[in-house]
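Presented below is the structure to which this report refers.
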Amino acid sequence: MTAGGFTFETAERTHVGRVRTLNEDRVLSRPVPGLWAVADGMGGHQAGDLASTMLVEALAEVNTLGSGYAFLDAAQESVQRVNRTLVAHARLSRPGTVIGSTVVALLAYAGHYACLWAGDSRAYLLRDGRIEQITRDHSMVQEMIDSGALNRADARSFGRSNVITRAVGVNDRLALDVHQGPIVAGDIFLLCSDGLNTMLDDRDIHGLIQGRSLDAAADALLALTLERGAKDNVSLILIRADAAVDDTLRIQARGEWAGAW
Ligand SMILES: [Mn+2]
């Protein structure tokens, strides 16, 4: 599947985990047009998976519309639409009702990627033998780290590690963060819900992906998360960008995502 000189191989897994009885996570994988997403729903009872399901269904309809800007715009607008629907729904429900979801989505177009997110679902990029988290959690823990109230080493054992400060469906105004950059052949992206990264640290993740096929890496990530107790639902998508054999459509990466669009 060619898109801007790259083909994308994908492996995804989603699992209820060892403790929960319902999987409220949803994954979406669309190598064409180049859009992948993980959504981690909340709300309990029967509503927990409503928001995450709505998000992946909305993002399943998004198309490139012939430009990177339009693609990113369309993805953001579809998430905003779900936000408005959920907020309106909550207003008609019992006070205090929250039907929300995190979202992390990766878009690839013309040799560039854009990652958009709200909440604590994450994206990582493995490049040149290193792993980098390219999202920044919207969580109480991250805010405390940013303000200097908590150091990174203590953060993993901090009690309220699951309190998020942003999600789809919670407020009228939803700010989506975006990170973007050029794609390099061999890049591996990982999208995951917090059920994965609370059980595995960056070193674990890097070690399990390196030197394995995507499918074997996905199995290994899920297996170790389950082995460590998987207290939450676990979802992951691995996406590897390979240089297309037919390179005639290749657009050279030139600086920022916007530049090539
Ligand atoms: Mn979760």
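Length available on full extension from R84 to V245: 0.36 nm per residue minus the Cα-Cα distance, which gives 53.7 nm. Here the gap between V19 and A60, fully extended at 0.36 nm per residue and compared with their Cα-Cα distance, gives a gain of 11.8 nm. Think of a 1.4 Å ball rolled over the protein heavy atoms: the chain then has 46 Å² of accessible area per residue.
Simple rule: put +1 on each Lys or Arg Cβ and -1 on each Asp or Glu Cβ in the range 51-209, find the dipole, and look at I205, G181, V87; the Cα lying farthest toward the positive end is V87.
Extension gain for the segment S67 to S213, taken as residue separation times 0.36 nm less the Cα-Cα distance, is 49.4 nm to one decimal. Bin width 10 Å, origin at 0, all Cα-Cα pairs of the chain: what percent of pairs per bin? Calculated over all Cα pairs of the chain, the distribution is 7, 31, 36, 21, 4, 0 percent.
The values are calculated or read from the model by the stated rules, or taken from the named source; none is laboratory data. Predicted model only: the values in this text are computed from it and were never measured. Note that each Cβ is placed from the backbone with ideal geometry, even for glycine, and that neighbours are counted across all protein chains shown. For the accessible areas, the whole protein counts, side chains as well, though only heavy atoms, and no ligand, DNA or RNA atoms are used. Shrake-Rupley method; radii C 1.70, N 1.55, O 1.52, S 1.80 Å.
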